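What follows is one structure encoded as structure tokens, with my remarks underneath.
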Amino acid sequence: MALPIEDYALIGDCLTAALVGRDGSIDWLCAPRFDSPACFAAILGTPDNGRWLIAPADPNARITRRYLPDTLILETRFETKTGIATLTDFMFPQESRPHLMRLVAGVSGAVDFATEFVVRFGYGEEVPWVTTMADRRLRAVAGPNKLILQSAIELRGENLRTKGEFTVNQGETVPFALTYAESFLPDPPPIDPQKLLKETEQFWHDWSSKCIVSGRYEDAVRRSLITLKAMTFAPTGGVVAATTTSLPEQFGGPRNWDYRYCWLRDATLTLLALMNTGYYDEAHAWREWLLRAVAGSPNQMQIMYGIAGERRLYEVELPWLPGYEKSAPVRIGNGAHQQTQIDVYGELADALHQARKGGIAPEKSGWELQLEILHHLEGQWQKPDEGIWEVRSGPQHFTYSKVMAWVAFDRSIKSAERFKLSGPVERWHDIRKTIHAEVCQKGYDKGLNSFVRAYGTKEVDASLLLLCPVGFLPADDPRIAGTVAQVEKTLMKDGLVQRYDTAKSNDGLPPGEGMFLACSFWLVDAYVAMGRHDDAVKLFERLLNLRNDLGLLSEEYDTNAKRLCGNFPQAFSHLALVNSACNLGRDGRPVEQRTDCEPGSDAKAPGKQAAAPTA
């Protein structure tokens, strides 16, 4: 049985990523890319679906773990009756193919270890043919896939598994290395894990040194940024929403989705998080990914794309995997890529506007494409859609979708006027005014003194918390205060915010899910905008306490089970953490930047840089 989600750690190389349990078992790895079929899939099934375990023979070993400072190098410490040893896990981030290293080092005494290596390509289904090479490395091949295991100890095959035992004494290091390659290419040469450890540590130290955040929440922000970097596909700049598929939003339920893709919805938060903390190269790469992904006919623009901009992300269920804690079905691909979601037009326009303000690209770059997209949106914003939460119950006139259509025209007007770009600005002014009036009439309920989830409904959802941060209405507008109060009244449970009430708002699925963590960070931002600083700090620090021992967050939190749930780690949660921390600091406040009302604190590219944000 898989461990609790919070008991996993992330390691990665900016090509793919693995989840390492505190028991020393790697239960998830896709190779060679984030979205490739998994070769270790035990987290969604059993050890027979693939894993790599290295653990003490003593089942009562005391286990602690940490990341080496400012890195993604995981160190797990095992203390037994006979001695102490560490297991260092990392992936080398400067290669064209994945290398995963595991180093067992003796700290004191002697510790007996066992290892079990079970490869199952094709998401835990395909048993490979394993052979021993002339240099004693093991080669596992099935179809186009090949893994080569380099081991310092003798290994044996047993019931379609590879096993071994060894003892590590004080001062000794027992290295292992795993390399992926296509089966039809020559075998890669042996590698030096110790050398790659030093180079990997230097890579992360160099990258972390660019961070310009300081203050009370600096450590939390740095860890989130390292996590986001690890979730970035280096060749394209695309940031995956999560490194996993089908970790459940409700334990035992069907809300299990594949998040190993890139959502346009994350566009603006990603840009601001990166620019405000000093990572302009990553912000530029993300913007370029956006423009390449959406390039083409505006009527074919999707809500999400593959990590290289792929468009066909067809959803398939995998019946041979029982799912995490029997949460079925396990899905790969994501059917939401075929949905209509009007909000993504606003996200794209806002991201391009913030990029121009930040100076990370020429001001005219992307403008012609933006003009075509706005022309298309003129005939689309009036239509219903599936909304930000990707409901599977049919389209509605979601309030937030209309607001983000307003944002699309608002940011385009601001870009045109601020950067002297040509476009039908007068017509955009009229459309912006029309959308605003309609939302205030049809999306607002006077009896509730609140905006509502969709036209004609009485329910709210957490996306309404963003109406102030995106600039639709100011924080002192009584309708904003009323909406925040209604969210607090109807969507908060145990101090956290759910996306919407799944028991009252039909989304095409059985009711029940955890608290969506990004939504609680949005409430932090709303509190900041409204001047409720103490409430903002209290909620933000509550959210920080939900991170696991390594500073990682999943998509949601189950307040009954007191456990993380949903895909892990989740970019949206970590982006929201970074931006809320910046909002609570003195400078670089995204809640003001998105509305163009920040007092001289635009995030700027090097050479135009504002003061470092205090988080």
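The values are calculated or read from the model by the stated rules, or taken from the named source; none is laboratory data. This structure is a prediction, so every number in the text was calculated from the model and none was measured. Because the Cβ atoms are built from the backbone with ideal geometry, glycine has one as well, and the counts that use them run over all protein chains shown. Heads up: the accessible areas ignore ligands, DNA and RNA and are worked out on the full protein's heavy atoms, side chains in. Shrake-Rupley method; radii C 1.70, N 1.55, O 1.52, S 1.80 Å.
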Report, ordered by the first and then the second residue, all pairs with beta carbons closer than 7 Å, sequence separation of six or more or different chains, a first member in the stretch 480-497 that is at positive phi, and a second member that is among the polar types (S, T, N, Q).
494/559
Scan the stretch 552-560 and tell me whether some residue there is among the β-branched types (Val, Ile, Thr), at pLDDT 95 or above and crowded, with 24+ Cβ neighbours inside 10 Å.
no
For the stretch 286-328, give me the residue count where each residue is open to solvent by 30 Å² or more (accessible area, probe 1.4 Å) and either without any contact (Cβ under 8 Å) to a residue 12 or more places away in the chain or in a loop (DSSP other than H, G, I, E, B) (or both).
14
Residue that is nearest to the chain's Cα centre (by Cα), among those in the stretch 280-325 that are of a type in the set (Ser, Thr, Tyr) and modelled with pLDDT of 95 or more
305
Quick one: how many residues across the stretch 1-25 are open to solvent by 10 Å² or more (accessible area, probe 1.4 Å), in a loop (DSSP other than H, G, I, E, B) and farther than 16 Å from residue 96 by Cα?
6
Does residue 595 qualify as being surrounded by fewer than 24 Cβ atoms within 10 Å (Cβ to Cβ), more than 19 Å from residue 222 (Cα to Cα) and in contact (Cβ under 8 Å) with a residue 24 or more places away in the chain?
yes
Scan of the stretch 251-268 for residues that are among the charged types (D, E, K, R) and either in contact with a Lys or Arg (Cβ under 8 Å, 6 or more places away or on another chain) or not in a loop (DSSP other than H, G, I, E, B) (or both), ordered by number:
258, 265, 266
Can you pull out every residue in the stretch 463-481 that is open to solvent by less than 10 Å² (accessible area, probe 1.4 Å) and within 28 Å of residue 560 (Cα to Cα)?
463, 464, 465
Among the residues of the stretch 457-469, are any within 28 Å of the chain's Cα centre (by Cα) and without any contact (Cβ under 8 Å) to a residue 24 or more places away in the chain?
no
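Please pick out the residue among 568, 521, 540 that is at pLDDT 95 or above, open to solvent by less than 10 Å² (accessible area, probe 1.4 Å) and within 19 Å of residue 246 (Cβ to Cβ).
Exactly one of 568, 521, 540 is at pLDDT 95 or above, open to solvent by less than 10 Å² (accessible area, probe 1.4 Å) and within 19 Å of residue 246 (Cβ to Cβ), namely 568.
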Out of (1) in a helix (DSSP H, G or I); (2) in contact with a His (Cβ under 9 Å, 6 or more places away or on another chain); (3) under 30 Å from residue 444 (Cβ atoms), the one residue 383 does not meet is (1)
So if I check each of 500, 527, which one is of a type in the set (Ser, Thr, Tyr), buried (at least 19 other Cβ atoms within 10 Å of the Cβ) and in a helix (DSSP H, G or I)?
527
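Select, from 66, 62, 77, the only residue that is among the charged types (D, E, K, R) and in contact with a Ser or Thr (Cβ under 7 Å, 6 or more places away or on another chain).
Exactly one residue qualifies, and that residue is 77.
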Condition first: part of a strand (DSSP E or B) and either within 14 Å of residue 99 (Cα to Cα) or open to solvent by 60 Å² or more (accessible area, probe 1.4 Å) (or both). Now tell me which residues in the stretch 144-168 satisfy that.
146, 147, 148, 149, 150, 151, 156, 157, 158, 165, 167
Inside the stretch 26-131, counting only strands (runs of 3 or more DSSP E) that do not spill past its ends, which hold 1 or more residues that are more than 18 Å from residue 12 (Cβ to Cβ) and open to solvent by 10 Å² or more (accessible area, probe 1.4 Å)?
51-56, 62-67, 74-79, 83-91, 99-118
Residues in the stretch 448-462: is at least one in a loop (DSSP other than H, G, I, E, B), of a type outside the set (Val, Ile, Thr) and open to solvent by less than 10 Å² (accessible area, probe 1.4 Å)?
yes
Check 110, 61, 38 and return the single one that is in contact (Cβ under 8 Å) with a residue 12 or more places away in the chain, closer than 19 Å to residue 175 by Cβ and of a type outside the set (Val, Ile, Thr).
110
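Condition first: of a type in the set (Ser, Thr, Tyr) and under 15 Å from residue 5 (Cβ atoms). Now tell me which residues in the stretch 215-261 satisfy that.
Let us first name the residues in the stretch 215-261 that are of a type in the set (Ser, Thr, Tyr), namely 217, 224, 227, 232, 236, 243-246, 259, 261.
Once the filter is applied, which keeps residues that are of a type in the set (Ser, Thr, Tyr) and under 15 Å from residue 5 (Cβ atoms), the stretch 215-261 yields 227, 243, 244, 245, 246, 259.
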